[in-house]
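Remarks on the structure that follows.
The values are calculated or read from the model by the stated rules, or taken from the named source; none is laboratory data. All figures in this text were calculated on a predicted structure; none of them were measured in a lab. Methodologically, a virtual Cβ is constructed for each residue, glycine included, from the backbone with ideal geometry; neighbour enumeration extends over all protein chains shown.
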Amino acid sequence: MNIVDSLVQAAIQGAKQLYDIKLDPSEVTMNVTRKEFVGDYTLVVFPLTKHVKKNPEALGQELGEYLKANTPEVKDFNVVKGFLNLVVEDQYWLDFLNSIYQNPDFGRQPRNGRKVMVEFCSPNTNKPLHLGHIRNMLLGWATYKIYDAAGFDVVRVQIINDRGVAICKSMWAWQNYGQGTTPESSKIKGDHLVGDYYVAFERHFQEEYKNWQDSSAGQVVFAEKKKEGQDEATFFKSFKDLYFNEYSKIGAEVRAMLLRWEANDPATISLWKQMNRWVYAGFEETYDKLGVAFDKLYYESNTYLLGKDIAEQGLADSVFYKQEDGSVWIDLEDAKLDKKIILRRDGTSVYMTQDLGTAELRYQDFACEKMIYVVADEQNYHFQVLFEIMKRLKRPYAEGLFHLSYGMVDLTTGKMKSREGTVVDADDLVAEVIEEASKNSHERGTLAELTAAEQAEVVRKIGLAALKFFIIKVHPKKRMTFNPEESVDMQGQTGPYVQNAYVRCSSMLSKAGNPDLSPAAQYTALETQEKDLISQLYQYPELIVQAAKEHDPSMIASYSYELAKNFHRFWHDFRILQAESEAAKAFRIKLSMAVRQVLRSSLDLLGIEAPEKM
């Protein structure tokens, strides 16, 4: 039983003894005491006044006296209005520290036999990974690590969008302008090369569209279809997609290529496979740089026909209905989600159908009780509909579907647009933050004694920590602006700041060698900062469980920063290796060992490596 549960049970017993009332644990609110007050845990007294007709201050005083007299863990107390602040005995914290300072798995929960799937990244094969994918991947990876630490068996998957018009645009541009260029011949990373042709397609299409607008044919269409009072620029801006589908020569060729792909035309399939291989090789390089990996990959080219059997079953069960034209729909208006098409009138599937089928396939593959989709908040409505349909179909996994929705990433210079080539490329971003970290390290000169290879490895860890922490520290639901310069700042709420606390611990422990820690048994009176650090360590296991429950890796980032900040302050205010006594020295070494391993563990949950030097 942890200290909070012990205090809650003691408070329940106290209420029984003092007032002859039987409290349910849900009626006892016990929180960590706020920093401006003296205490470790605070009992909120106000709810008890409905049982005992006394003012909160008097109740708090009486209950505090009872707990101090009858609860070994309670050293002292104070009452502030309706809040009873309890001070925990130093020995409790000392016993706890002794139990964990040599345990590298502290915080990790025992395996619970439950299985969770996390889907993240899920890129398109017509362009390289960009800043938006980085936030997705980092959230997905941290979610996997946190769930794993919380005791779950976690499966990491992604679905690669490797078919459709967008992919055919890159294929068409390479076919028409590539002149046989390959990643090897051009020395360009495969996903970048294919992305270049996606941008090239847009450039040629825009040229064609502009020429058409100025032509007599374009002017005739403008005169026939414009709305009353609509100017030419506004009309042609909104008409672009219709132009692609109905008037464009390039568009017609791309659509014809898609039809050949769907008909399994050998030449088209061969080109598609070749360009996808280039992209996959490029993706793997980026995944390796960011330290992410997957247990299984799903491909839309294999899943886009899935879900039709679910549609038939839904019709048989009257969950879906068929329109006169043969299309299949579901009415979700009672759930305020409108009506949604499931199959077109020609029997072809839509994205919703594919997602129904893919979820079913994954359940057959892994039988996970929970499936977490890490997808930007632009798709909130889609997942609300998907999950509601699954519930109405009574799928066994329906209650375990969760959309980890996250806000988009803006730049200090504006929004990203893939077609215009204005995205922040993931590889370029990784290189940029590592370069910034290298500049900072060279200015400080702290790595001079290392070899060039060792310096490069430390700088890589620092740069990636800066990038990952900057993104993960923001709550997933919040839209964020990425600032490369701010992300590599070695001070403040940053990854390198947390890493530096770890390095300080490591450096000090290295200097300490292998000291005799037995004198720590004589250290019995804790300084406030020492107790605060131990109390913070105590919260770590429950924090992991809570972060998993709330699907919020930013909780771990915030915790690691606060722990690092408190250790930096402790390091400044107290002597460790030159402590005032052997007992104090041995105790503070133990405390530093515990802080070090929790810093390393919490950074690992964020996908961040902890260097031994900085």
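Points to keep in mind about this one:
- Residues satisfying the stated conditions in the range 245-302, i.e. more than 35 Å from the chain's Cα centre (by Cα), outside any helix (DSSP H, G or I) and farther than 30 Å from residue 206 by Cβ: 264
- The condition of being buried (at least 20 other Cβ atoms within 10 Å of the Cβ) and in contact with a Leu (Cβ under 6 Å, 6 or more places away or on another chain) holds for only one of 433, 488, 459, 424, that being 433.
- Looking at 562, 530, 542, just one residue is without any contact (Cβ under 8 Å) to a residue 40 or more places away in the chain and in the same structural domain as residue 586 (by TED's automatic domain parsing), and that residue is 562.
- Out of 324, 284, 300, sole residue that is farther than 28 Å from residue 353 by Cβ and not hydroxyl-bearing (Ser, Thr, Tyr): 284
- Test: residue in the range 506-517 that is surrounded by fewer than 13 Cβ atoms within 10 Å (Cβ to Cβ), more than 22 Å from the chain's Cα centre (by Cα) and in a helix (DSSP H, G or I): yes
- Some residue of the range 142-155 being part of a strand (DSSP E or B), in contact (Cβ under 8 Å) with a residue 24 or more places away in the chain and more than 20 Å from residue 368 (Cβ to Cβ): no
- Residue 577 vs. criteria touching a residue at least 12 places away in the same chain (Cβ under 8 Å), surrounded by 22 or more Cβ atoms within 10 Å (Cβ to Cβ) and not charged (D, E, K, R): no
- If you go through the range 343-378 and pick out every residue that is without any contact (Cβ under 8 Å) to a residue 24 or more places away in the chain, part of a loop (DSSP other than H, G, I, E, B) and either of a type outside the set (Ser, Thr, Tyr) or farther than 14 Å from residue 303 by Cα (or both), you end up with 4.
- Tallying residues that are in a loop (DSSP other than H, G, I, E, B), out of contact with any Leu (no Cβ under 9 Å at 6 or more places or on another chain) and either at pLDDT 95 or above or buried (at least 22 other Cβ atoms within 10 Å of the Cβ) (or both) within the range 105-127 yields 11.
- The condition of being out of contact with any Phe, Trp or Tyr (no Cβ under 9 Å at 6 or more places or on another chain) and among the aliphatic types (A, V, I, L, M) holds for residue 28.
- Given (1) crowded, with 18+ Cβ neighbours inside 10 Å; (2) assigned by TED's automatic domain parsing to the domain that holds residue 444; (3) farther than 26 Å from residue 95 by Cβ, index of the condition residue 611 fails: (2)
- Single residue of the range 128-182 satisfying the filter (polar (S, T, N, Q) and within 25 Å of residue 355 (Cβ to Cβ)) that is surrounded by the fewest Cβ atoms within 10 Å (Cβ to Cβ): 161
- Within the set 228, 262, 284, 224, the sole residue that is modelled with pLDDT of 95 or more, acidic (Asp, Glu) and in the same structural domain as residue 138 (by TED's automatic domain parsing) turns out to be 284.
- Where a residue in the range 223-246 is of a type in the set (S, T, N, Q) and its partner, wherever it lies, is surrounded by 10 or more Cβ atoms within 10 Å (Cβ to Cβ), with Cβ under 8 Å and at least six apart: 245/251; 245/255
- Residues in the range 214-244 that are in a helix (DSSP H, G or I) and touching a helix residue (DSSP H, G or I) at 6+ places or on another chain (Cβ under 7 Å): 218, 222, 232, 235, 236, 240, 243, 244.
- Test: residue in the range 26-34 that is charged (D, E, K, R), modelled with pLDDT of 95 or more and under 39 Å from the mean Cα position of the chain (by Cα): no
- Taken across the range 328-336, residues that are in a loop (DSSP other than H, G, I, E, B) and outside the structural domain of residue 126 (by TED's automatic domain parsing) do occur, with at least one present.
- Taken over the range 252-309, residues that are of a type in the set (S, T, N, Q) and within 14 Å of residue 125 (Cβ to Cβ) amount to 5.
- A search for C-beta distances below 7 Å between a residue of the range 172-193 that is at negative phi and in the same structural domain as residue 283 (by TED's automatic domain parsing) and any residue that is part of a loop (DSSP other than H, G, I, E, B) and among the charged types (D, E, K, R), counting only pairs 6+ apart in sequence or on different chains, returns 183/189.
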